[in-house]
Amino acid sequence: NAGVTQTPKFRVLKTGQSMTLLCAQDMNHEYMYWYRQDPGMGLRLIHYSVGEGTTAKGEVPDGYNVSRLKKQNFLLGLESAAPSQTSVYFCASSGPRQGSYEQYFGPGTRLTVT
Amino acid sequence: GESVGLHLPTLSVQEGDNSIINCAYSNSASDYFIWYKQESGKGPQFIIDIRSNMDKRQGQRVTVLLNKTVKHLSLQIAATQPGDSAVYFCAENAARGTLTFGKGTMLLVSP
């Protein structure tokens, strides 16, 4: 199993450009999440999904959109990138599994907006 | 412990020492806690978790202690090795299966 994969690994955008980050998981997990991580900060939840066709806002949703058309994929979109969105983006997935909220993380996408 | 601002708290130890990383959590209603390890350039990896009906749980070389009275969590790593050098995050469960992460502690292990 590949676990959680993310594409691309690196990307540089100019202000105002758009892009989509793709997350895929092969563990048949119901829940998927997008986080951003900034220097010296923990992980902050952008959006998440509790199942195919559902999405919900996290702590820092502004400027991002998501879609979960297939259970194994979770897409994060930036419609008009801003320098404040320069960050490392992590996708994660989880069961649910009785008694555990463990999330499995992808390797991250490093995005720079100039 | 957990940090505020841009600078991570750092714990520096010698190889072979025991390490203790601390975390204060905010929500007294949280009933699940988890520790992750993040090496440079990689995604977080699960270390160990604990439910609120326990106060201690042991894994391989790691122990998590939970003190609900003061809302404090600690991760103990026995016989710390250079490969343990990483940033360590605690997290607590929040609404709808999500986790709320702390800001992390950097562990530096010198040979």
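The values are calculated or read from the model by the stated rules, or taken from the named source; none is laboratory data. All values derive from a computational prediction rather than experimental measurement. Counting neighbours? That spans all protein chains shown, and the Cβs are built from the backbone with ideal geometry, glycine included. Only protein heavy atoms, including side chains, enter the accessible area calculation; ligands, DNA and RNA are left aside. Shrake-Rupley method; radii C 1.70, N 1.55, O 1.52, S 1.80 Å.
Within the group B:LEU108, B:LEU99, which residue is facing another protein chain (nearest Cβ under 9 Å) and of a type outside the set (D, E, K, R)?
Going through B:LEU108, B:LEU99 in turn, the sole match is B:LEU99.
Do you know which residues across the stretch A:89-104 are open to solvent by 30 Å² or more (accessible area, probe 1.4 Å), on the phi < 0 side of the Ramachandran plot and within 9 Å of chain B (Cβ to nearest Cβ)?
A:PRO96, A:TYR101, A:TYR104
Taking the stretch A:31-90 as the region of interest, how many residues are without any contact (Cβ under 8 Å) to a residue 40 or more places away in the chain, charged (D, E, K, R) and assigned to a loop (DSSP other than H, G, I, E, B)?
5
Is it the case that some residue within the stretch A:77-88 is at pLDDT 95 or above and within 14 Å of chain B (Cβ to nearest Cβ)?
Yes, the conditions are met somewhere in the stretch A:77-88.
When only residues in the stretch B:25-84 that are free of Cβ contacts under 8 Å to residues at least 12 places away in the same chain and within 18 Å of A:TYR104 (Cα to Cα) count, which is surrounded by the fewest Cβ atoms within 10 Å (Cβ to Cβ)?
B:GLY41
Out of (1) surrounded by 15 or more Cβ atoms within 10 Å (Cβ to Cβ); (2) at the interface with another protein chain (Cβ under 8 Å from one of its Cβ atoms); (3) more than 17 Å from A:ALA24 (Cα to Cα), what's the single condition that is false for A:PRO39?
(1)
Select from the stretch B:82-105 the residues that are polar (S, T, N, Q) and not in a strand (DSSP E or B) and write down the one among them that is nearest to A:THR55 (Cα to Cα).
B:THR98
Could you tell me which of the residues A:THR7, A:THR112, A:THR20 is at pLDDT 95 or above, more than 14 Å from the chain's Cα centre (by Cα), of a type in the set (Ser, Thr, Tyr) and open to solvent by 20 Å² or more (accessible area, probe 1.4 Å)?
Of the residues listed, the single one that is at pLDDT 95 or above, more than 14 Å from the chain's Cα centre (by Cα), of a type in the set (Ser, Thr, Tyr) and open to solvent by 20 Å² or more (accessible area, probe 1.4 Å) is A:THR112.
Counting residues that are within 10 Å of chain A (Cβ to nearest Cβ), more than 11 Å from the chain's Cα centre (by Cα) and farther than 30 Å from A:LYS9 by Cα, which strands (runs of 3 or more DSSP E) fully inside the stretch B:1-81 reach at least 1?
B:32-38, B:45-51
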